[in-house]
Amino acid sequence: MKEAPRHLTVPTAQPGRRAIVLTALLGVAAFLPDSSQTRAARATPADPPPVPSPAPLVPPSQPIPPVPSGQPDQGKPLLPSRTAVVKAFGGKTPAYWGLEAPGALARLAPGTQGIAVTVDFCGGANGSEFDQGLIAVLRERHVPATLFLNSRWIAANPATARQLAADPLFELANHGTTHRPLSTTGKSAYGIPGTQDAGEVYDEVMGNDAAMTQLTGTRPRFLRSGTAFFDEVAIQIVSALGVTPVAFSINADGGATYPAATVAREAAKAGPGDIIICHGNHPHGGTAQGMAQALDTLAARGAPFIHLR
C-alpha cells in the first residue's frame, strides 16, 4: 500500500513468551509460519525458517483484547487513558495536515553526524509480504535500522517479526494498528481514510503498542502513522502517550513505487541528520537493489548509520 508516492538491543522477551502473548493479542488463526494460506499470499518465500513456538492457535473471530490504560510501565509515569485523551484533546481543532506536522521528528538532532535508515512494514491487502533482500542488504553492510511494523504485517508474518525483534541490528517501532493516517478530524491521505477523532487516534496508536510491547519486551519509543500523515493535535496525543512521532527527510522509494535506479539516487542524497524512509513489504520493487547501491555510496563517503535518537 502506498505511503508517500511522490513526496519529497533492545532486550527481548523469551521466544516462547513473546509468541504466546502476541498470538493471543492479535487473534491470528493462521499463526503458523508455514501455513498454506500465508504462503499462497506471497509471490516469494517471505519468512526465514520458522521459530518453534508452543503458542496455541486463536480463532480469527476473537477480537484484539482492549489495551489497559493508566497502568505503570516499570516505574514510569502513568499513561493517559482513552477517556483522558478524548477529554484533553477532543475539543482542539488542528490547523495542519500533512507530512511535516509540527512536533514530528523529521530530522535527527542538530549536530548529529549519522544517518538513520527507517523501514516501513505496512501490512494489509497487497502489503504483507517480506522483502528478505532488503533486510539482507542491511545485515550484510551492518547498517542499523529502525523498523516500523504495523499490526497487520505482524499478524501475517509472526515468525519473521520475532526474528527481527531478536536482531540487535534493528530497533522495532510502531506503525499503527490498521495503518491509518493520524487525523483528529477524519481527513484522508492517498485515498486512505484517517482516524476520525482523538479517541480513534488513541486506538490506532495503543492497539499496536500493546502488540509490540509483547513482541519486543519493551514499549516502542517511536511511531510513524500510516502514510506518515499527521495533524498537530494527533502529534500532541502521540507525545502525551510517551512516544515520539516520526516523519522523514529523505523519501527513498516513494511508497515502494520507485525503480532501483531512482531509489539509489534518492537515498544517496542523505547527509548528516537525515532520516531515510523506505519499505520492507514489497519484495518485487526496486527498494532492496536501490538501497544496496545507495548505502555503498554513502559508506564510501564515510557516512555513519545510526538508530533513531
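Side notes on the structure shown:
- Fraction of alpha-carbon pairs over 27 Å apart in the range 104-309 - percent: 24
- Positive end of the dipole of the range 104-309 (Cβ unit charges, origin at the Cα centre): among 289, 112, 124, the Cα lying farthest that way belongs to 112.
- Size of electric dipole in the range 104-309: Cβ of Lys, Arg +1 and of Asp, Glu -1, about Cα centre, debye, nearest 20: 380
- Length added when fully stretched, residue 188-residue 95, from 0.36 nm per residue minus Cα-Cα: 32.0 nm
- On full extension, the segment bounded by residue 284 and residue 81 gains 69.0 nm, given 0.36 nm per residue less the C-alpha separation.
- Length released on extending from residue 107 to residue 301, taking residue separation times 0.36 nm less the Cα-Cα span: 67.9 nm
- For the range 206-222, Karplus couplings with θ = phi - 60° (6.51, -1.76, 1.60), whole Hz, Gly/Pro x: 7, x, 6, 4, 5, 4, 6, 5, 6, 5, 9, x, 8, 5, x, 8, 10
- The local environment of residue 184, defined by Cβ-Cβ distances under 10 Å, has a net charge of -2 under the rule Lys, Arg +1 and Asp, Glu -1.
- Summed side-chain charge close to residue 91 - residues other than residue 91 whose Cβ falls under 15 Å, Lys, Arg +1, Asp, Glu -1: -1
- Summed side-chain charge close to residue 260 - residues other than residue 260 whose Cβ falls under 14 Å, Lys, Arg +1, Asp, Glu -1: -3
Here, each number is a calculation from the coordinates, and none is a lab measurement. Remember, predicted model here, so these are calculated numbers, not experimental data. Cβ sites come from the backbone with ideal geometry, for glycine too, and all protein chains shown count toward neighbours.
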